[in-house]
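The values are calculated or read from the model by the stated rules, or taken from the named source; none is laboratory data. Values in this document were obtained by computation on a predicted structure and should not be read as measured data. Note that each Cβ is placed from the backbone with ideal geometry, even for glycine, and that neighbours are counted across all protein chains shown. In case anyone asks, the SASA skips ligands and DNA or RNA and just uses the protein heavy atoms, side chains included. Shrake-Rupley method; radii C 1.70, N 1.55, O 1.52, S 1.80 Å.
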Amino acid sequence: MNMAKWRSYLPLATLILLMIVGSLLSDKFLTYANLMNLLQYSAESALIAVGMTLVILTGGIDLSVGSVVALTAVVSANTQHLGVWGILAVVILIGALVGALNGVVLTKFRVEPFMATLATMAIFRAVALWYTNGGPIIGTVTPAFSNIANGSLLGIPLPAVYVVVVFILGYFVLNRTPFGRHVLAVGGGEETSRLFGIKVERVKVIVYIISGVLAALAGLLITSRIGMGEPRSGFQFELVAIAVVIVGGTSLTGGRGTIGGSFIGLLIFAVVMNIMNLLNISSFVQPIVRGLIIILAALAISRMVKSKSAAAEAS
Amino acid sequence: METIQKARTLLKQEETLLLLFIVIVTLISPIFSPEFFTSYNFSNLLRQISYPAIVSIGMLLTVLIGGIDLSVGSVMQAVSLTAIMLVQLQAPTGVIVIVVLALGLFLGLMNGMLITFGKLQPFIVTLGTKVIIDGTTLFMTKGKGISGDASDSFLSIGGGYMGAIPNPVIIMLVLYIIGFILLNKTIFGRQIYSVGSNRVAAYNSGINVKKVQLSVYALSGLFAAIAGLLIASRTGAYQPMSGNSGATGMELSAIAAVVVGGASLSGGKGTIWGAFLGALLAGLLFNLLVFLNMNPYIQQFILGIIILAAVIFSASKNRK
Amino acid sequence: MDNVILKLDGISKQFGNHYALKDINVNISEGEFHAIVGENGAGKSTLIKILSGVHLPSEGNVHFKGQSVKFLSPYMAQKSGVSTLFQEIQEIPALSVAENIYLGREPQKGSLLQWKTLYKEAGELLNNLDIKIDPYKKMEELSISERKMVEIARAVSFNAELLIMDEPSANLNEDELAVLFKTIAELRKRKVTIIYISHRLREIFAMADRVTVLRDGQHVKTMDIKDTDEARLVQLMIGRELNEYYPVNTEQIGAKVLEISDLNVPELLHNVSLSLNKREILGIAGLAGSGGNILTKVLFGLVKGYSGKMVLDGKPFVPRNPRQCIADGIAFVPEDRKTQGLFLNLSVRTNMSITSLRKFRTFGLISEPKESRQANELVQQLSVRPKNIKAPIRSLSGGNQQKALIGRWLLDKYKILILEEPTRGVDVGAKMEIYQEINKLLSQGLSLIMVSSELPELLGMCDRILVFSGGTITGELQRDEASEEKIMEYALQEVK
């Protein structure tokens, strides 16, 4: 038990260690500018990771988020005439629709989540590419729209603000609403939850809608940041988000994990990438590191969960 | 009366249904393309189909034990690249073949070990190794294609013909026959079905579940490597691919073939014959889409829809 | 005993063309403690599933508080005042006690969860019931009995008027039992009606007002507990003379096959020594968790970390895993055939041949004609129905599945066959056929170890019975001296 308790601090300890390593390797690391930079460029990952945390807590997975990003990235570039709020409305609607599609497919037809969202991943990406015929949408972005990702509030870059806001909201939903408890319950035991009168299917669909909407917002954010609608954006975002969630200590089997953990996971990820950038490590190496982090984190977590279920298995 | 009964049960089998689809697609294809039935087009088409079809054998094995291998397309590309790099080093063809097949086995074994000894979910492991392999490939090439001065013997592996039939097609057929024997006539095959049907019962029946699992993922890597070698030796060059022929497209095609062929993603159910027909049908359909001069993105879209429909169909059937 | 709270009016439940329950008529009065007894397969669990809303009856009506009710889910039943404690504890292990109690009904203001209220209410509830559990603790940190208490508290929080308890005392030790009984007493003070299912007749005689006996899905009798005693209750449960049901082992018992000395498994088995002879049926009895099935799992290589000496057929025997144990001559029919034994979607033939495939090989490949011939012979011999060896085994009835599973071990030569709960969930006709088959195995020179929670079965079949309690053998009974009373006496013996 003590061991397990100790292990739950592992992500935080890793983060602190990485911060120390980072500050030793580069004197630019622990500067306000760099840290803000680090936070600001994590905004898309943060949005997706919060949704992914909720999805994984129900015992599911959403592989389609990266493609949803691409979809809304191009749509928001092409709907600039609607104004910022109009675009926002369209993007949220798209996110909700694709999320609902995922949710309905895997609850109504009981398809395994990873399979259902793998298929929709292919579909959404194809739609995004089809929509622009493969190329980016350039030169449409208005200054007001551009300001969403490039503006600042009291000297803090707006994306950094979004990171904090989305995690606070996620924490709030998970820990301060009955719905949050039901998310954990569904992941902890579907049949039991049903027995307890929880509408399991509804909880799942809502969770995928949340994930879809947050991914959709991430797509909007990217277009605002880079000033064009790129149908190839969001590639492998689902992996980053999964890695962030796993690194943060959430179990892939559902029912165990925290939003705070995912926040730490996000920072760990961002710090590693940031250190690699500061050390001028080739961007071609970064995907390899990303994959390694996923597998190492999955291994670490499976060890943790195993120690807990070992007693149950023996009986 | 009895014949009707027989016809009914035959119709209920998805293999029959698949064959029917295949015949229909074959028959309507010439409407859109007059040269469909020319021998040149036909052998070309079969060659195109052979790569995903070979990968599908390995995918079927992993799906049969209740797993999945999302890294096959990446293994394929890594193998293609390695083969061409060896060509640049002017390695003898025999050495190239052995090295790249060993590489495929090794990568598959890595997946197997992580899943078996790390007790991790197959999809997350193979997704992780996929990213690592893709990343390494990208790192080596910086995203550019490479080519070498390949020997004739190397080029003849994937580019050669036996009579009028391209080598890859022959190799595909041989591999399917081997796969058929493996799954239906050997103890190992029975063990694969047993492990997929019920792991605990398999263990209690004296089956070395870990060994079966490791072998299956190693074989999946091997089949992907064979496909990769065939592609590399056809052109003598490595081209980073995208879309349907890219890594992700290859995984999706293989999954589609296996699921359309009637395999259940929860394991223990599926046939090699079904996977073959699934791969054939998927290939013919794409061919048709190309004839229709359809935008490649619409093709991708249709691939996604086919997979989604197939998994929904398979899930709803298994619930009964 | 006047206000009828629950009236079962001609309840029947059919699965396929098999009646799991037939025409059950029982009235249960408000505040009554009503016990339901019967052998395994008598229909108790089907009845519970109907009352709790898992199943709907095929025929008949359930009247609750004077109204005909149709519970479509356990939650609906619970809201109407009927709560059920299933054998399996219903919980979300990673959530706290309070969260589990109020899951799905969290106190909220607007859409906000009121944490303080949640823990305060849970604390008060537990306090009122005199249950000493910290509501902040996670379920997974609690013992089995504590988790059961939380379930009871949850039922009470629903204002349960009728509480159904299915084997609540299984897996509990003496101290934990005391806690359970205290809570039950508290419930009775609150005039909660209780339907109580238990194998432990002693508990029933200590607490029940009335008892209903079920047998083979039929309602045998309902009576005041005062008007009966244990012996008569057992008689009613079994309902037939033992000797007409069980074949007698007429084989000559031979020399020693297996000798175990001082077998220990930390916390599970202590100093177990025994021997098994050729052509003998050795029974293992004991309450759940007493260690009997740990012994058999050691013998089949499923338990690691044991110590002790074992000799099989004159050679040292060190079980490491099922593969090696099978090779050494141990065959094993597990207690839960669906999860531990069968490949449900595979054919009857594959299910039977899986352990002996080597025998059917020619030039390294499996010869299907050979395999099918042997499988067909077995299906004949064991009268497995239907006789189609290519049918998926899922399509067979429980009894036929079990026969096929036993058949798996008849395709090759083994020394010892371990049978865990050989007739669990098997209907009466198939039961008798299985007993006949088991007996025939002896003539092939096999020795049998049979673990069963059905005492009549052990008494009827076994040449010798070992009784386990607290992880050790507390008694050994020869066939002619064994009785249910003696077994229970040993089984309840406390071990320090």
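Quick notes on this one:
Yes/no per residue for (1) touching a helix residue (DSSP H, G or I) at 6+ places or on another chain (Cβ under 7 Å); (2) modelled with pLDDT under 95; (3) of a type in the set (K, R):
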| position | (1), (2), (3) |
| --- | --- |
| A:W6 | no, yes, no |
| A:L17 | no, yes, no |
| A:S42 | yes, yes, no |
| A:S45 | yes, yes, no |
| A:T53 | yes, no, no |
| A:G83 | no, yes, no |
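- Candidate set from the stretch C:348-366 (those that are in a helix (DSSP H, G or I) and under 22 Å from C:S395 (Cβ atoms)); member that is farthest from the other protein chains (Cβ to nearest Cβ): C:V348
- Subset of the stretch C:183-242 that is touching a residue at least 24 places away in the same chain (Cβ under 8 Å) and of a type in the set (K, R) - its residue that is farthest from C:A42 (Cα to Cα): C:R190
- Only one of the numbered conditions (1) open to solvent by 30 Å² or more (accessible area, probe 1.4 Å); (2) under 30 Å from B:G67 (Cα atoms); (3) within 14 Å of chain B (Cβ to nearest Cβ) is not met by A:R194, and that is (3).
- Scoring C:A160 on the criteria (1) within 27 Å of the chain's Cα centre (by Cα); (2) surrounded by fewer than 22 Cβ atoms within 10 Å (Cβ to Cβ); (3) part of a loop (DSSP other than H, G, I, E, B) leaves a single failure, condition (2).
- Among the candidates A:F145, A:F124, residue that is buried (at least 22 other Cβ atoms within 10 Å of the Cβ), of a type outside the set (G, A, S) and away from chain B (no Cβ under 14 Å): A:F145
- Residue check, C:P369 more than 10 Å from every other protein chain (Cβ to nearest Cβ), open to solvent by 60 Å² or more (accessible area, probe 1.4 Å) and within 23 Å of C:K278 (Cα to Cα): no
- One residue from B:A150, B:A83 being outside any helix (DSSP H, G or I), out of contact with any Lys or Arg (no Cβ under 8 Å at 6 or more places or on another chain) and under 20 Å from B:P240 (Cα atoms): B:A150
- Any hit, the stretch C:431-449, residues being surrounded by fewer than 21 Cβ atoms within 10 Å (Cβ to Cβ), within 14 Å of chain B (Cβ to nearest Cβ) and more than 30 Å from C:V37 (Cα to Cα): no
- Of residues in the stretch B:113-163 being basic (K, R) and more than 7 Å from every other protein chain (Cβ to nearest Cβ), the one least open to solvent (accessible area, probe 1.4 Å): B:K130
- Complete set of residues in the stretch B:263-286 that are farther than 14 Å from B:I68 by Cα and within 14 Å of chain C (Cβ to nearest Cβ): B:T271
- Answer residue from the stretch C:1-20, given it is farther than 15 Å from C:I164 by Cβ and hydrophobic (A, V, I, L, M, F, W, C) and is modelled with the lowest pLDDT among those: C:M1
- Counting only strands (runs of 3 or more DSSP E) that fall entirely inside the stretch C:177-249 and contain at least 1 residues that are open to solvent by 20 Å² or more (accessible area, probe 1.4 Å), the qualifying elements are C:210-215, C:218-224.
- Close Cβ contacts (under 7 Å, 6 or more residues apart or on different chains) running from residues in the stretch B:288-302 that are more than 8 Å from chain A (Cβ to nearest Cβ) to residues that are outside any helix (DSSP H, G or I) comprise B:F291/B:S33.
- Boolean, C:E457 is within 30 Å of B:F188 (Cβ to Cβ), within 28 Å of the chain's Cα centre (by Cα) and crowded, with 22+ Cβ neighbours inside 10 Å: no
- Taking each residue of the stretch C:295-310 that is assigned by TED's automatic domain parsing to the domain that holds C:P334 and closer than 19 Å to C:N277 by Cβ and looking for partners that are open to solvent by less than 50 Å² (accessible area, probe 1.4 Å) and assigned to a loop (DSSP other than H, G, I, E, B) with beta-carbon atoms closer than 7 Å, six or more apart or interchain, yields C:L299/C:P319; C:M310/C:F317.
- Number of positions in the stretch C:98-156 that are surrounded by fewer than 19 Cβ atoms within 10 Å (Cβ to Cβ), touching a residue at least 40 places away in the same chain (Cβ under 8 Å) and touching a Leu at 6+ places or on another chain (Cβ under 6 Å): 0
Rundown of residues vs (1) more than 14 Å from chain B (Cβ to nearest Cβ); (2) assigned to a helix (DSSP H, G or I); (3) open to solvent by less than 50 Å² (accessible area, probe 1.4 Å); (4) not basic (K, R), yes/no style:
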| residue | (1), (2), (3), (4) |
| --- | --- |
| A:L71 | no, yes, yes, yes |
| A:V74 | no, yes, yes, yes |
| A:A89 | yes, yes, no, yes |
| A:G135 | no, no, yes, yes |
| A:V141 | yes, no, yes, yes |
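- The helices (runs of 4 or more DSSP H) located wholly in the stretch B:164-280 that include 3 or more residues which are touching a residue at least 40 places away in the same chain (Cβ under 8 Å) and buried (at least 23 other Cβ atoms within 10 Å of the Cβ) occupy B:167-185, B:187-197, B:209-235, B:247-260.
- Annotation: of all residues in the stretch C:94-143 being within 8 Å of chain A (Cβ to nearest Cβ) and in a loop (DSSP other than H, G, I, E, B), the one that is farthest from C:F181 (Cα to Cα) is C:S111.
To keep it simple, each residue is scored yes or no on (1) modelled with pLDDT under 90; (2) outside the structural domain of C:A155 (by TED's automatic domain parsing); (3) surrounded by 21 or more Cβ atoms within 10 Å (Cβ to Cβ).
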| site | (1), (2), (3) |
| --- | --- |
| C:T46 | yes, no, yes |
| C:I50 | no, no, yes |
| C:V62 | no, no, yes |
| C:K65 | yes, no, no |
| C:P74 | yes, no, yes |
| C:A77 | no, no, yes |
| C:F86 | yes, no, no |
| C:I89 | yes, no, no |
| C:I92 | no, no, yes |
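- Answer residue from the stretch A:91-112, given it is facing chain B (nearest Cβ under 10 Å) and part of a helix (DSSP H, G or I) and is surrounded by the most Cβ atoms within 10 Å (Cβ to Cβ) among those: A:L106
- Hits in the stretch C:304-327 (condition: within 14 Å of chain B (Cβ to nearest Cβ) and crowded, with 19+ Cβ neighbours inside 10 Å): C:P319, C:P322, C:C325, C:I326
- Selected residue (criterion: nearest to B:L64 (Cα to Cα)) from residues of the stretch B:303-320 that are more than 8 Å from every other protein chain (Cβ to nearest Cβ) and surrounded by fewer than 21 Cβ atoms within 10 Å (Cβ to Cβ): B:N318
- Test result for C:L287, touching a residue at least 12 places away in the same chain (Cβ under 8 Å), more than 14 Å from every other protein chain (Cβ to nearest Cβ), under 19 Å from C:I449 (Cα atoms) and not charged (D, E, K, R): yes
- Candidate set from the stretch C:329-347 (those that are more than 8 Å from chain B (Cβ to nearest Cβ) and in contact with a Pro (Cβ under 8 Å, 6 or more places away or on another chain)); member that is nearest to B:I187 (Cα to Cα): C:S347
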